[in-house]
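The values are calculated or read from the model by the stated rules, or taken from the named source; none is laboratory data. The model shown is predicted, which means the values in this text are computed figures rather than measured ones. We place every Cβ from the backbone using ideal geometry, glycine too, and count neighbours over all the protein chains shown.
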Amino acid sequence: MSENNPHQAGRHFLQIPGPSNVPDRVLRAIAQPTIDHRGPEFAQLTLGVLDKLGAVFNTKSPIFIFPASGTGGWESSLLNTLSPGDKVLAFETGHFATLWKNVATKLGLEVIWVEGDWRQGIDAAVVQQHLLEDQSHIIKAVLAVHTETSSGATSDIAKIRKAIDAVEHPALFMVDAVSSLACTELRHDEWGIDVTISASQKGLMLPPGLCFNAVSEKALAASKTSTFPHSYWSWGSMLELNKKGYFPYTPSTNLLYGLDEALDMLHDEGMDNVFARHSRLAHATQLAVAGWGLENLCVNPEEYSNSTTAVLMPQGHDADALRNIILEKFNMSLGMGLGKVKGTVFRIGHIGDFNELMMAGTLSGVEMGLSLAGVPHTKGGVNAALEFLADTA
Ligand SMILES: *Cc1c(COP(=O)(O)O)cnc(C)c1O
């Protein structure tokens with residue numbers, strides 16, 4: 001709602017790369033009456049949710065659900081497995097990698113920080129080189145962001161696993177899949193990930209408020225010797241109570257209703273179809289950006305993410321001014337440039353519950369906004385996207 005225009009008809013377009021649009025089915029599920037979280041009905045809910053979640057993470061290992069944002073997932077991954085002063089290896093892919101590093105530093109870990117330009121994913125060869133040089137195995141964990149939501153670059157997690165194995169390094173492998181889960185394939189078990197971190201408000205189509213840690217046997221074993229103090233984030237008490245469908249403290253009951261519904265939707269559509277849909281809509285967006293003659297922040301097309309596209313503004317033009325015009329005129333929110341790309345980048349989210357016409361509307365709003373904001377561009381980016389969507393329908 002803008003100042004001059006108190007009522008705006010129709011739906012707001014929430015095209016930020018998370019929180020994503022929450023489907024009506026999920027909203028209705030969340031609206032059910034809250035039940036006793038120590039009663040029998042609740043145990044059925046938890047056990048069902050944990051079972052269905054395993055198929056999304058592709059794991060048979062435990063998945064812990066905390067009532068928290070994704071940042072809590074980072075914190076619990078580190079606190080449960082490591083000890084004060086431990087060294088971890090992390091890569092500056094962008095804003096989220098930087099925030100995770102900051103959490104590690106504040107907790108008292110020593111981060112070996114591989115700097116980057118925020119325009120590409122993690123180079124597996126660089127991972128391998130760092131681990132090769134660490135002959136005495138002082139590095140206890142490798143932290144990797146799967147899809148760096150600030151740049152729209154997705155790293156090849158399977159390839160990084162291979163790099164770790166190639167030098168037989170025993171470090172734990174932790175992956176932030178907050179904006180990739182249920183948008184891009186992720187195979188927790190097969191890729192030998194020790195902790196996969198995710199959250200509710202992106203590909204899982206829920207409001208913010210839940211975070212996840214999927215953990216391997218190796219991570220669970222590490223949690224037995226970790227000396228960080230933790231209480232709220234403890235996996236141990238979660239593991240015991242989850243087995244019977246309960247939690248050590250009051251869980252987010254209504255978000256779990258929503259999660260159950262969202263998982264049914266994903267499984268009904270089929271995970272491969274979900275990934276293909278995201279990839280196709282992402283490709284339509286990439287065609288539109290190229291058609292406008294604008295530059296994708298991510299420099300490697302093979303790393304373009306399924307979840308979001310970060311677009312560089314032409315020199316001298318402010319991304320936030322463009323976003324404000326689009327919000328004001330067309331009631332659409334686009335993602336802002338985060339951290340050091342603030343003002344120079346805007347992000348188009350294509351994540352979660354999302355289809356062709358939503359994509360077409362989103363891209364149309366951007367193209368109209370570019371004109372209104374006086375941003376130099378070529379007309380017809382939307383047409384290129386529409387042609388592709390029609391040809392591949
Ligand atoms: C959204 C996001 C997070 C989580 O952020 P919160 O605001 O704490 O929920 C973490 N990592 C990535 C890559 C994200 O996109």
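Summary table
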item: Matching residues in the stretch 53-99 - criterion: being under 21 Å from residue 232 (Cβ atoms), of a type in the set (S, T, N, Q) and surrounded by fewer than 20 Cβ atoms within 10 Å (Cβ to Cβ); result: 69, 71, 83
item: Neighbours by Cβ (under 7 Å, 6+ apart or cross-chain): first from the stretch 306-327, assigned by TED's automatic domain parsing to the domain that holds residue 359 and among the hydrophobic types (A, V, I, L, M, F, W, C); second in a helix (DSSP H, G or I) and surrounded by fewer than 17 Cβ atoms within 10 Å (Cβ to Cβ); result: 325/372
item: Inter-residue pairs, beta-carbon under 7 Å, first on the phi > 0 side of the Ramachandran plot and assigned by TED's automatic domain parsing to the domain that holds residue 74 and in the stretch 177-191, second in a loop (DSSP other than H, G, I, E, B) and within 16 Å of the ligand (Cβ to nearest atom), 6+ apart; result: 182/203; 182/204
item: Candidate set from the stretch 209-230 (those that are within 12 Å of the ligand (Cβ to nearest atom) and in contact with a strand residue (DSSP E or B) (Cβ under 7 Å, 6 or more places away or on another chain)); member that is farthest from residue 78 (Cα to Cα); result: 210
item: Any hit, the stretch 214-232, residues being closer than 23 Å to residue 307 by Cβ and not charged (D, E, K, R); result: yes
item: Residue within the stretch 290-298 that is in contact (Cβ under 8 Å) with a residue 60 or more places away in the chain, among the charged types (D, E, K, R) and either farther than 27 Å from residue 57 by Cα or assigned to a helix (DSSP H, G or I) (or both) present; result: no
item: Test: residue in the stretch 24-37 that is modelled with pLDDT of 95 or more, in the same structural domain as residue 217 (by TED's automatic domain parsing) and within 16 Å of the ligand (Cβ to nearest atom); result: no
